[in-house]
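Before any comments, here is the structure.
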Amino acid sequence: MIITVTLNPSVDRTVDLSGPLARGRVQRAHATRQDPGGKGINISRALAAGGAATVAIAPGDDTDPLFAGLDAAGVRYDNVSTGAAIRTNITVTEPDGTTTKINEPGPALDEGTVERIVERIVSRAAGASWLVFAGSVPPGPAQDVYAVIASRVRGALGAAAPSYALDTSGAPLTEALAPGAIVLPDVIKPNGHELAQLLGREDGDALEADPRAAADAARILVERGVGAVLCTLGGHGAVLVTADGAWHAVHEPVTVRSTVGAGDSALTGYLVAAERGDTPSECLRHAVAHGSAAAALPGTQMPSAAQTTPDAVRVTELGPCAGFPQVSHTPPASHTPRGTAHDAARHRAAATQPAVKQPATTRPADPPGTASAPGPADAAPDAPGPDRGPAGLRP
Ligand SMILES: O=P(O)(O)OC[C@@]1(O)O[C@H](CO)[C@@H](O)[C@@H]1O
């Protein structure tokens, strides 16, 4: 069972254009669609599509179209009722695969709602394999809310607490990895820009384009005690770094329809593979296969495992990096007994490291019009696997 928590869910409205976006003009949409959205919601949708056991925990008004969409798709959810309408996020897709996204801040979450979310997690999480926190934090809670909830769950469930995955950016990610964090994530899924931000660096573009450099940067976080870093690199695939090694994987070129949700799909592929006990390199293979399959679908659609092509993914071991201490030889994160010496070692490692620098709160935009990154920072860099070189850009 994989439990996802989305503090800021969304209804994703996608507008498909038959030509390039013309700013300042009236344009007719070629097609539109609406999907349940928000990163954790997407992960649960992808899991359910593949027949995996999942529950999506999310706040929102009971009658919101988001929950009707989940009912229609047969996705189990636990709606923490707020009476507030869920935000609508807009995606505009152009024939060349360029994806432009505008996300609303979302309705404020009060302390009482966060408390009810913690109670729901604790009541469901004992014995689950993974607890996934994904997406932005809406107005209201402090930026360390994920770190606080993770430690509350660990405090309540002890060794029965699930492994913990985190897919967010900016201050909530920085806070979750800060030296004082009681529980560090077993896996995080930044893109190259988010990884650079997290380390207080400005070389996000370079990391997105250079898997070796991304792996070296990710290693810094593994040295600080993060179990695994799955870093998606847009058209350059993805890298996975654990205490045992580093791997790069890339998918054969695919025709990109919408990169929205590709990163969520990639994390889903990783979690499913880790849950069944695959090796790290196989977990990465399935992550990239899932991400590429999502990028080939319009709107915020999540592929099932049957729609993915893991055989079209080339995985390369990147080899050890000079100066990287072999702190332990742990199995994949999901196999690690929880609340054990492994955790203690990770916490010690984290405590001896300097604070992770505070990143800017906004994600840097990609240079417009580049072949390998046709969309905005939120969408394009999240898409692992598909080669958006000339062959990957067919409409
Ligand atoms: O504003 P956030 O929470 O960072 O991201 C929300 C979002 O862009 O993420 C998903 C794709 O990953 C979409 O379904 C959704 O609209």
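The values are calculated or read from the model by the stated rules, or taken from the named source; none is laboratory data. For clarity, every value in this text was computed on a predicted model and none was experimentally measured. So basically every Cβ, Gly included, is an ideal-geometry build from the backbone, and we count neighbours across all protein chains shown.
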Based on this model, can you work out whether residue 136 counts as over 20 Å from residue 243 (Cβ atoms), within 16 Å of the ligand (Cβ to nearest atom), touching a helix residue (DSSP H, G or I) at 6+ places or on another chain (Cβ under 6 Å) and of a type in the set (Gly, Ala, Ser)?
no
State whether one or more residues within the range 235-243 are farther than 20 Å from residue 194 by Cα and not hydrophobic (A, V, I, L, M, F, W, C). no
Expected output for the range 107-132 (first residue loosely packed, with under 13 Cβ neighbours inside 10 Å, partner modelled with pLDDT under 95 and of a type in the set (Gly, Ala, Ser), Cβ below 9 Å, 6+ apart or cross-chain) is 108/84; 127/160
Quiz prompt | Hey, residue 100 of a type in the set (Ser, Thr, Tyr), buried (at least 22 other Cβ atoms within 10 Å of the Cβ) and touching a residue at least 40 places away in the same chain (Cβ under 8 Å) or not | solution = no
Does any residue of the range 34-57 turn out to be away from the ligand (no atom under 12 Å from the Cβ), without any contact (Cβ under 8 Å) to a residue 40 or more places away in the chain and in contact with a Pro (Cβ under 9 Å, 6 or more places away or on another chain)? no
Residue pairs qualifying under the 6 Å Cβ cut-off, at least six apart or on distinct chains, with the first in the range 185-198 being surrounded by fewer than 24 Cβ atoms within 10 Å (Cβ to Cβ) and the second being not in a strand (DSSP E or B), are 196/203; 196/204; 196/207
Given (1) surrounded by fewer than 24 Cβ atoms within 10 Å (Cβ to Cβ); (2) away from the ligand (no atom under 16 Å from the Cβ); (3) closer than 25 Å to residue 209 by Cα, residue 251 misses just (1)
When the range 159-189 is checked residue by residue, the ones that are closer than 14 Å to residue 130 by Cα and not in a loop (DSSP other than H, G, I, E, B) are 159, 160, 163, 164, 165, 166, 167, 187, 188
Selection from the range 254-274 of residues in contact with a Cys (Cβ under 6 Å, 6 or more places away or on another chain) and either closer than 30 Å to residue 17 by Cβ or within 16 Å of the ligand (Cβ to nearest atom) (or both) yields 270
